[in-house]
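Below is one structure; the comments refer to it alone.
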Amino acid sequence: AMEKSRPLWDNPLQFVFACISYAVGLGNVWRFPYLCQMYGGGGFLIPYFIMLIAEGMPLLYLELAVGQRMRQGSIGAWKIISPYLCGVGVASVVVSFFLSMYYNVINAWAFWYLFHSFQDPLPWATCPLNSNRTGYEEECEKTSSTQYFWYRETLNISPSLEASGSVQWEQALCLMLAWEVVVFCEPRFFPSFPQVVYVTASLPYCVLIIYLIRGLTLHGAVNGLVYMFTPKLEQLSNPKTWISAATQIFFSLGLGFGSLIAFASYNEPSNNCERHAVIVSLINSATSIFASIVTFSIYGFKATFNYESCINKVILLLMNAFDLEEGSLTADNLSEMKDYLMATHPQEYAQLSPQLKNCSLEAELDTAVQGTGLAFIVYSEAIKNMEVPQLYSVLYFVMLLMLGIGSMLGNTAAILTPLTDSKVIAARFPKEVISGAVCFINCVIGLIFTMEAGNYWFDIFNDYAATLSLLLIVLVETIAVCYIYGIRRFEKDLHTMIGRKPNWYWKIMWAFVSPLLIISLFIFYLTDYIVTGTLQYQAWDATQGQLVTRDYPGYALAVIGLLVAASTMCIPLGALLTLIRKRLKRESVPTV
């Protein structure tokens with residue numbers, strides 16, 4: 001194994017912070033709460049922790065150990081294990097490259113919202129006036145002010161993928177700024193990079209604690225927490241609950257991207273990677289639960305606010321329509337009074353009934369939102385109704401930026417470490433040139449996501465660029481270590497590094513349980529894609545003020561196929577090229 005010129009990390013704690021900064025990302029804040037909401041509230045924690053023990057910790061330990069032992073990025077590490085596995089590292093680099101293309105767009109959006117957070121009132125607090133200044137914008141009136149700001153002011157979204165539109169220069173500038181921050185934090189440009197991870201790892205927790213204190217004091221927060229922690233155990237019989245738990249563990253730890261191998265390759269050879277795998281796994285999962293408590297307290301506030309607003313509108317309608325006395329109609333007696341008015345004034349009530357909404361707190365809490373919808377719409381709607389909304393808006397979007405930048409540093413490390421480890425590339429170009437070129441190429445390609453149809457392309461990359469590829473990569477990694485490199489040989493390596501061999505738990509998980517789980521996930525996703533038939537996406541219909549379902553056009557399906565094939569085919573192609581190269585070399589050797 002090639003020795004690194006020097007360890008990147010000053011101490012083991014710094015390495016742990018780097019792993020936390022990378023692994024604890026936006027998925028902990030916006031996907032885990034959604035899964036809790038969809039799959040049984042507190043009951044979802046049962047399959048989640050089972051998958052953490054059976055899949056998360058063992059695979060994280062395996063990747064850290066491989067990186068630390070081989071002292072190489074993903075390409076070099078797997079090439080050392082077997083020349084036929086060079087394609088595994090290349091596949092990881094390709095997936096990380098795809099991820100970097102679109103992931104930094106989230107940071108660009110966070111910058112955009114952060115810059116607008118200093119306005120009073122917040123620009124998404126109310127609908128803007130129309131051009132005649134005689135009323136509100138028609139599109140905004142049909143939806144909400146937060147949705148309007150997201151879909152029209154931020155994205156200026158087109159009605160479909162086919163209507164690509166032009167690049168939005170404001171978003172393009174924010175994307176360039178996001179990439180400049182990533183470049184600035186790169187160790188090749190910024191020698192104090194290892195200290196940056198302390199900020200990107202710890203600041204989000206500070207903001208979450210502030211939000212927790214504020215969230216628990218909000219009116220209706222208890223409703224959200226009760227909803228979260230009430231277990232719906234019947235969901236445990238739903239296979240999708242277990243699949244979602246396994247997938248969340250898999251992706252939230254960042255397995256298969258090569259970032260963890262890259263980070264570990266800069267460790268001292270004697271670093272206790274087993275302890276660090278357990279610590280990072282537990283902190284990652286604890287963060288997901290902690291973020292969910294914050295999110296559901298805000299969910300509860302938002303749901304209660306919307307429910308009470310709905311009730312007040314109904315009361316006002318009834319009081320005006322039937323000329324009732326002030327205070328005679330309240331939220332407590334609304335149901336009885338509606339029955340009474342229906343019986344005594346049937347015709348008038350029938351005319352008014354289309355305007356009377358059926359207000360339900362449970363229905364408000366059941367509204368499941370994830371991803372950008374949660375980050376930029378639901379949170380924005382809750383923030384605008386808080387006291388001093390500008391303060392909480394700035395804190396929230398700074399937290400998103402720290403989470404996003406921390407993950408981006410890990411993604412770029414997964415690309416740059418194998419490239420700078422390569423003797424061919426490193427001999428021709430300085431490391432600063434390689435780093436700058438990779439970031440520049442990503443930024444230029446990323447401009448696609450700032451077009452009017454950019455959000456639809458973002459969803460394509462987010463849904464299809466990594467899922468199947470990462471499952472295949474980690475499956476091959478596990479099989480390679482256990483059955484090609486040899487688990488006994490791997491045991492000896494671990495004994496050399498940390499002073500003891502892995503116990504039976506790690507060996508059983510690596511050799512049997514984790515591979516079977518990954519194969520199950522792989523089969524599930526393939527089956528799901530086949531059963532789904534024509535792939536569809538959610539498009540914004542400005543005339544209705546809501547999302548509508550559309551089929552992907554043919555060229556979009558071709559791009560999806562290329563995204564999946566570009567990374568997965570690296571593995572068999574790498575093995576095939578190695579085989580051909582060896583045969584040609586053997587044939588070129590003259591026989592004596």
| Using a 1.4 Å probe on the protein chains only, how many percent of the accessible area of the chain belongs to carbon and sulfur? | 63
| query | If you take the charge dipole of the chain about its Cα centre, with +1 on Lys and Arg Cβ and -1 on Asp and Glu Cβ, which of TYR198, GLN171, TYR151 is farthest toward its positive end? | reply | TYR198
| said: Give me the percent relative contact order of the chain, please, defined on Cα pairs under 8 angstrom at least 6 residues apart. | reply: 33
| request: Please provide three numbers in whole Å: the alpha-carbon extents of segment 41-91 along the principal axes, with the largest listed first. | output: 45, 20, 13
| query | List the GluC sites (Glu not before Pro) in segment 3-109 that DSSP assigns to loop (not H, G, I, E or B) and whose Cβ has at most 14 other Cβ atoms within 10 Å. Which are they? | reply | GLU3
| request: Divide, for segment 533-592, the radius of gyration over alpha carbons by 2.2 N^0.38 Å, where N is the residue count. | output: 2.22
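Could you state, as a whole-number percent, how many of the C-alpha pairs of segment 17-588 are farther apart than 47 Å?
Details: 28820 of 163306 pairs.
The answer is 18 percent, as a whole percent.
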| PHE440, PHE524, ranked by accessible area, largest first (probe 1.4 Å) | PHE440, PHE524
| task | Leaving ligands, DNA and RNA out of it, work out the accessible area of ASP463 with a 1.4 Å probe and give it in Å² to the nearest 10. | result | 70
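What translational D, rounded to a whole number of µm²/s, comes out for segment 244-308 from Stokes-Einstein when the hydrodynamic radius is the Kirkwood one over Cα pairs, at 37 °C and 0.692 mPa s? Present the calculation step by step, with values, prior to reporting the outcome.
Details: Rh = 14.5 Å.
It comes out at roughly 226 µm²/s.
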| field | 3J(HN,Hα) from dihedral phi, segment 311-326, Karplus parametrisation 6.51/-1.76/1.60, rounded to Hz, x for glycine, proline | value | 4, 5, 5, 5, 4, 4, 4, 5, 5, 6, 6, 10, 6, 7, 6, 4
| query | Per residue, how much accessible area does segment 35-176 have with a 1.4 Å probe, in Å²? | reply | 34
| Can you give the accessible area of HIS116 in Å² (nearest 10), computed on protein heavy atoms with a 1.4 Å probe? | 40
| field | For segment 1-90, the Rg and Dmax computed from alpha carbons only, in angstrom | value | 17.2, 50
| said: Tell me the accessible surface of GLU268 in square angstrom (1.4 angstrom probe, heavy atoms of protein chains only), to the nearest ten. | reply: 100
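With each run of n ≥ 4 DSSP H residues scored as -39500 (n - 2.57), what mean residue ellipticity at 222 nm is computed for the chain after dividing by its residue count and rounding to the nearest 500 deg cm²/dmol? Could you put the intermediate results ahead of the total?
Values: 29 runs with 392 residues, N = 592.
The per-residue figure over the chain is -21000 deg cm²/dmol.
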| field | Ratio of the Cα radius of gyration of segment 479-575 to 2.2 N^0.38 Å, where N counts its residues | value | 1.73
| message | If the rule is a partner Cβ under 4.7 Å, which cysteines in the chain fail it? | response | CYS19, CYS36, CYS86, CYS174, CYS185, CYS206, CYS273, CYS439, CYS443, CYS482, CYS570
| Whole-number D in µm²/s for segment 1-152 (Stokes-Einstein; Kirkwood sum over Cα pairs; 10 °C, 1.306 mPa s) | 78
| query | Per residue, what accessible area does segment 440-551 have, given a 1.4 Å probe and all protein chains present, in Å²? | reply | 47
| query | Which distance in Å, rounded to a whole number, links the C-alpha centroids of segment 117-191 and segment 348-394? | reply | 20
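In cubic angstrom, how much convex hull volume per residue do the alpha carbon atoms of segment 331-433 span? Could the numbers behind the result be given before it?
Working: hull volume 18.2 nm³, N = 103.
Enclosed volume per residue, from the Cα hull, is 176 Å³.
Highest first, please rank the peptides 277-287, 419-429, 73-83 by the mean number of other Cβ atoms sitting within 10 Å of their residues.
Working: 277-287: 19.7, 419-429: 13.5, 73-83: 24.1.
Sorting 277-287, 419-429, 73-83 by mean packing, highest first, produces 73-83, 277-287, 419-429.
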| query | How do GLU387, GLU326 rank by accessible surface area computed with a 1.4 Å probe, from largest to smallest? | reply | GLU326, GLU387
| note | About its Cα centre, segment 17-588 carries a charge dipole, from +1 on Lys and Arg Cβ atoms and -1 on Asp and Glu Cβ atoms, whose size in debye to the nearest 20 is 3460
| field | Rg and Dmax [Cα atoms of segment 72-125; Å; Rg one decimal, Dmax integer] | value | 20.0, 61
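The values are calculated or read from the model by the stated rules, or taken from the named source; none is laboratory data. Only a predicted model underlies this, so the values are computations on that prediction, with no experimental measurement involved. Here Cβ is always computed from backbone atoms with ideal geometry, including for glycine, and neighbour counts include all displayed protein chains. Areas reflect the complete protein model, heavy atoms only, side chains present, ligands, DNA and RNA absent. Shrake-Rupley method; radii C 1.70, N 1.55, O 1.52, S 1.80 Å.
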